[in-house]
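Data first, discussion second: the structure below is written as structure tokens.
The values are calculated or read from the model by the stated rules, or taken from the named source; none is laboratory data. Please read all numbers here as calculations on a predicted model, not as lab measurements. Note: ideal-geometry Cβ built from the backbone for every residue, glycine included; neighbour counts use all protein chains shown.
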Number of protein chains: 2
Amino acid sequence: MPERAAASGSDLPPPPWSRAPQRPPRRRRDLLTQEAIVDAALAVLDEDGLDLLSMRHVARTLNVSAAALYWHIGSKDGLLDLIFDRVIGEVDVPDPDPGRWQEQLKEVARGTRSTILAHRDVIRLSIGRIPMGPHAVRHADRVLAILRTAGVPDALAVAAQQLLISIVIGVAIDETGGGGHPPADQPPPHEAAALASDYLASLPSDRFPHLVAVADHIASANADERFELLLDLFVSGLAQRARS
Amino acid sequence: MPERAAASGSDLPPPPWSRAPQRPPRRRRDLLTQEAIVDAALAVLDEDGLDLLSMRHVARTLNVSAAALYWHIGSKDGLLDLIFDRVIGEVDVPDPDPGRWQEQLKEVARGTRSTILAHRDVIRLSIGRIPMGPHAVRHADRVLAILRTAGVPDALAVAAQQLLISIVIGVAIDETGGGGHPPADQPPPHEAAALASDYLASLPSDRFPHLVAVADHIASANADERFELLLDLFVSGLAQRARS
DNA sequence: ACCTGAACACCGTTCAAGT
DNA sequence: ACCTGAACACCGTTCAAGT
């Protein structure tokens, strides 16, 4: 685990429609800081899931009244914005090495996937949030660096950078099916997979011939391999375009 | 818009860990039906968004007490399961035409994308839900039919079917950034895009040289084109694997 | 300047009681 | 069998009041 990228300081101009107030990092010897609140909230997110992430719960964690949080983070949405950017900061992107750009892209994708899986519910939180905090901006710049330094034309580089994220998120969503913090009473991941393929195999094969025929392939499907397959299709296809 | 696939009747065995009770479609001349509740809830989802989709709200829509819903759908999670499967049923999958399998895969992807964009918040609702209702099962079988009839080996077909969904969802999430039903006070989609690229262009170019350099490409990026690019990379790469 | 307590308008769900 | 009303334990947010 790399330490959180500290370079992108908070001295940037505020992104548009930002919902968290800009507060100096620490004034006196107060109990609360934006950072401390984000820490606590992220812990709740990881341990209890998004559904149990309430202002009151986070406040209880910090031995503070719920209303106290509002002075620092403005609103729950503001807090979620901060959490999102914090998590983005956890994935590190290598300095460009033009000869290895295809492999570097894959490394970024793998890193992104693994931090998503480390904070499974961040994916639900991220939907509808345009990533434009300091860490998000830094991340985008560094991925673009890999592509542009390798000679990928700008328009294609922009598309590739955005598609890469989409791909990783899409696959991660599929993988958290049944996993993550279940909405209610779902069984644990592997048991769910077993139940699922049992169910598929039990379906009437005259109505669903193909599904029943491949039920065992579904059961034995490996998420890592599938992800690598997609990365391969994407990156090698991209390289082909970049050449022409 | 095709009518909802009616073939997959409710005479299937219940999927594992189903959270909605199985109720006969309509007993007497009661006020409520599972179907009527799903209709109402889907309307609320489309018009007001997931955050405003509450049992009480749906019940108000139907001139019924909130508690009345529970007899029919068991829980809110059960209702969300039913909505999810209903929406899946809206995308239609063509009968296999082996000579055109690559184009058919793309058609399915485009159809899935457009029904997601027609029910933008369904994507948030879908996370963590394993699609295994009658419509989901039918959908999977028909996509597998296209692949297997074309001679794609089973293991690859299963991977391709799952990756195709992941890809579409991933791209759709990216597109609903700022759109959908905003968490709170975000600006409308195109205004948000303008604000975003203005912000990117305003960043210090010594710290984010690549991002600033391509800010205009980001502003003029076309979601449809990007989607088609990804489809092309995916499907043609897949065809290549299938041949070897 | 930073934080508390109480209040407002909501939630999902249960459960006795009605018909 | 189907539905209501009231209740329980929660929410996010605001706001006067304290220090």
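Descriptive notes on the structure:
- Of the residues making up region A:47-71, not one is more than 23 Å from the chain's Cα centre (by Cα), more than 10 Å from DNA strand C (Cβ to nearest atom) and either crowded, with 17+ Cβ neighbours inside 10 Å or among the acidic types (Asp, Glu) (or both).
- B:Arg86 being within 12 Å of chain A (Cβ to nearest Cβ) and part of a helix (DSSP H, G or I): no
- Residue pairs meeting the criteria (Cβ under 6 Å; at least 6 apart or on separate chains; first away from DNA strand D (no atom under 16 Å from the Cβ), in region B:66-88; second among the basic types (Lys, Arg) and part of a loop (DSSP other than H, G, I, E, B)): B:Asp77/B:Arg19; B:Asp81/B:Arg19; B:Phe84/B:Arg129
- B:Leu125 surrounded by 21 or more Cβ atoms within 10 Å (Cβ to Cβ), within 13 Å of DNA strand C (Cβ to nearest atom) and hydrophobic (A, V, I, L, M, F, W, C): no
- Qualifying residue in region B:110-120 (condition: buried (at least 22 other Cβ atoms within 10 Å of the Cβ) and closer than 28 Å to A:Arg129 by Cα): yes
- Screening B:Val158, B:Val152 for residues that are buried (at least 18 other Cβ atoms within 10 Å of the Cβ), at pLDDT 95 or above and within 23 Å of the chain's Cα centre (by Cα) leaves exactly one candidate, B:Val158.
- Evaluation of B:Pro94 against (1) surrounded by 18 or more Cβ atoms within 10 Å (Cβ to Cβ); (2) under 24 Å from the mean Cα position of the chain (by Cα) (one fails), failing number: (1)
- Under the condition of being within 11 Å of DNA strand D (Cβ to nearest atom) and within 14 Å of another protein chain (Cβ to nearest Cβ), the residues counted in region A:41-51 number 2.
- Filter pass, B:Arg100 being within 14 Å of DNA strand D (Cβ to nearest atom), assigned to a helix (DSSP H, G or I), more than 11 Å from the chain's Cα centre (by Cα) and more than 14 Å from chain A (Cβ to nearest Cβ): no
- Out of A:Arg27, A:Arg19, A:Arg23, one residue alone is surrounded by 14 or more Cβ atoms within 10 Å (Cβ to Cβ), within 16 Å of DNA strand C (Cβ to nearest atom) and at pLDDT below 90. It is A:Arg23.
- Among the criteria (1) touching a Phe, Trp or Tyr at 6+ places or on another chain (Cβ under 8 Å); (2) modelled with pLDDT of 95 or more; (3) within 16 Å of DNA strand D (Cβ to nearest atom), the one A:Arg129 does not fulfil is (2).
- Within region A:223-244, the set of residues being surrounded by fewer than 14 Cβ atoms within 10 Å (Cβ to Cβ) and more than 9 Å from chain B (Cβ to nearest Cβ) comprises A:Asp224, A:Arg243, A:Ser244.
- Within region B:196-222, the set of residues being more than 8 Å from every other protein chain (Cβ to nearest Cβ) and small (Gly, Ala, Ser) comprises B:Ser197, B:Ala201, B:Ser205, B:Ala215, B:Ala219, B:Ser220.
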